[in-house]
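The values are calculated or read from the model by the stated rules, or taken from the named source; none is laboratory data. All values reported here derive from a predicted model rather than from experimental measurement. Backbone-built Cβ (ideal geometry, glycine too); neighbour counts: all protein chains shown.
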Amino acid sequence: MKEKILVTGGAGYIGSHTTVELQTAGYEVVIVDNLSNSNEEVIDGIARVSDSRPAFEKVDCTDKAAMDGVFKKHAGIKGIIHFAASKAVGESVEKPLLYYRNNIVSLVNLLELMPAHKVDGIVFSSSCTVYGQPNPKDLPVTETAPILPATSPYGNTKQIDEEIIRDTIHAGVPFKSIILRYFNPIGAHPTAEIGELPNGVPQNLIPYLTQTAIGIRKELSVFGNDYSTPDGSCIRDFINVVDLAKAHVIAIERMLNNKSKAPLEYFNLGTGRGVSVLELINTFEKATGVPVPHKIVARREGDIEQIWANPHYANEVLGWKATETLEDTLKSAWAWQQKLRERGIM
Ligand code: UD1
């Protein structure tokens, strides 16, 4: 068995896929999750896929005493992957303090507890949102693209969290960190045992699309077709969630085996390919043969027109590359939606 890793938010979408990959690679995983946007059945799904059940603690990372208790109970945690956070852009505009508390207090608690419990490093879930709308000349974005003012409290929490990690390492606190900036993670595990399961009406494109395809929603609204892009809809870099999960295993290995070039590193996790919203709907329909009723509506406030990654640095230095095709990724999202129906969940 390799090192013991704490995965906060491990019952969530990216956290559950990452736990599977960590366990498959031989790591021992302790999940901390307050289940605010997930449920304990996800742990069963993880156990079915990876033949091993992670330890699970229903704890809120903003509760420092409870987190101290987790480190004591599961002594010997060597690394942390910190996913636990609130992530709905619109909700963050309405409830900024909820976002600042959840996303910032939890990180500060972990960083304060790490030295006392001799944890060597933390991989942090960041987002391409830190780049704002890059200048067209900076597309596709590299890790050195300017960090632009955030367009939402959610985006601001990711920027502030990155700064908190940077300042803490700069001050000489003895731990390492790798900051992973995700583009748009989509899809589900090929077994359809785990996937994305948002509470209520989905805010993100893919769950709304698959719920429309299966008939839960009447039609998908495409937010705007008057952007300065070839077909007028927004452009994103859609990255397969299992590919993304694998990057975390590589990052943990790099950090714990002292392969990092510096105590703090940043990597963009994307495919390098920009795909428009309309193109994505089209690809889904072709890959699955299932129509997606959709209509064009007004732009969504706060949306970025276009962003996609230059993944060269992650490919060369981290040694990670996205390999799944968009077609297969969309098929996996569809298989997951059908599985939810079979199980009577949605
Ligand atoms: C946003 C955040 C990202 C965050 C992610 C997680 C920004 C700029 N981006 O990504 O950092 O990690 O949420 O929640 O803050 N769309 C439709 N119809 C829909 C839903 C979406 O047309 O019903 C379009 C959007 O306009 C957008 C694209 O699909 O162009 C992707 O939207 P979404 O899945 O919500 O992700 P982002 O907004 O890119």
If we scan segment 190-201, do we find a residue that is surrounded by 21 or more Cβ atoms within 10 Å (Cβ to Cβ), in contact (Cβ under 8 Å) with a residue 40 or more places away in the chain and more than 22 Å from the chain's Cα centre (by Cα)?
-> no
Does segment 312-334 contain any residue that is in a strand (DSSP E or B) and surrounded by 15 or more Cβ atoms within 10 Å (Cβ to Cβ)?
-> no
For Ala298, all conditions in the list (1) away from the ligand (no atom under 12 Å from the Cβ); (2) farther than 28 Å from Glu163 by Cβ; (3) hydrophobic (A, V, I, L, M, F, W, C) hold save one; what is the number of the exception?
-> (1)
Single unsatisfied condition, Val241 versus (1) over 19 Å from the mean Cα position of the chain (by Cα); (2) within 15 Å of the ligand (Cβ to nearest atom) = (1)
Given the conditions (1) touching a Cys at 6+ places or on another chain (Cβ under 9 Å); (2) surrounded by fewer than 24 Cβ atoms within 10 Å (Cβ to Cβ); (3) under 18 Å from Ile179 (Cα atoms), every one holds for Ser86 apart from (1)
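Out of the residues in segment 46-57 that are farther than 16 Å from Val32 by Cα and out of contact with any helix residue (DSSP H, G or I) (no Cβ under 6 Å at 6 or more places or on another chain), state the one that is surrounded by the fewest Cβ atoms within 10 Å (Cβ to Cβ).
Asp51
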Give the residue that is farthest from the ligand (Cβ to nearest atom), with candidates limited to residues of segment 220-230 that are farther than 20 Å from Thr129 by Cα and exposed (fewer than 14 other Cβ atoms within 10 Å of the Cβ).
-> Pro230
Residues located in segment 202-219, provided they are more than 15 Å from the chain's Cα centre (by Cα) and either closer than 18 Å to Trp308 by Cα or crowded, with 21+ Cβ neighbours inside 10 Å (or both) = Leu209, Thr210, Thr212, Ala213
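Rundown of residues vs (1) within 14 Å of His189 (Cβ to Cβ); (2) polar (S, T, N, Q); (3) crowded, with 20+ Cβ neighbours inside 10 Å, yes/no style:
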{"site": "Glu3", "(1), (2), (3)": "no, no, no"}
{"site": "Ile14", "(1), (2), (3)": "yes, no, yes"}
{"site": "Glu21", "(1), (2), (3)": "yes, no, yes"}
{"site": "Ala25", "(1), (2), (3)": "no, no, no"}
{"site": "Ile31", "(1), (2), (3)": "no, no, yes"}
{"site": "Leu35", "(1), (2), (3)": "no, no, no"}
So which of Pro311, Pro263, Pro293 ends up being more than 15 Å from the ligand (Cβ to nearest atom) and touching an Asp or Glu at 6+ places or on another chain (Cβ under 9 Å)?
-> Pro311
Restricting the search to segment 197-217, which residues are modelled with pLDDT of 95 or more, in a loop (DSSP other than H, G, I, E, B) and away from the ligand (no atom under 11 Å from the Cβ)?
-> Ile214, Gly215, Ile216
Which condition number does Leu280 fail, the rest of (1) within 16 Å of the ligand (Cβ to nearest atom); (2) surrounded by fewer than 18 Cβ atoms within 10 Å (Cβ to Cβ); (3) under 20 Å from Gly215 (Cβ atoms) being met?
-> (2)
Of the conditions (1) under 24 Å from Ser38 (Cβ atoms); (2) near the ligand (Cβ under 8 Å from one of its atoms); (3) part of a loop (DSSP other than H, G, I, E, B), Ser233 fails just one. Which one is it?
-> (1)
Going through (1) in a loop (DSSP other than H, G, I, E, B); (2) in contact (Cβ under 8 Å) with a residue 40 or more places away in the chain; (3) of a type outside the set (S, T, N, Q) one by one, Glu112 fails only at (1)
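Scanning for something more than 10 Å from the ligand (Cβ to nearest atom), modelled with pLDDT of 95 or more, more than 30 Å from Leu113 (Cβ to Cβ) and not hydrophobic (A, V, I, L, M, F, W, C), does segment 135-143 turn up at least one residue? Steps first, please.
Kept after step one, since they are more than 10 Å from the ligand (Cβ to nearest atom), are these residues of segment 135-143: 135-143.
Filter again for modelled with pLDDT of 95 or more, leaving 139-143.
Those still in the list that are more than 30 Å from Leu113 (Cβ to Cβ) too: 139-142.
Then drop every residue that is not not hydrophobic (A, V, I, L, M, F, W, C), which leaves 140, 142.
Yes, because at least one residue in segment 135-143 is more than 10 Å from the ligand (Cβ to nearest atom), modelled with pLDDT of 95 or more, more than 30 Å from Leu113 (Cβ to Cβ) and not hydrophobic (A, V, I, L, M, F, W, C).
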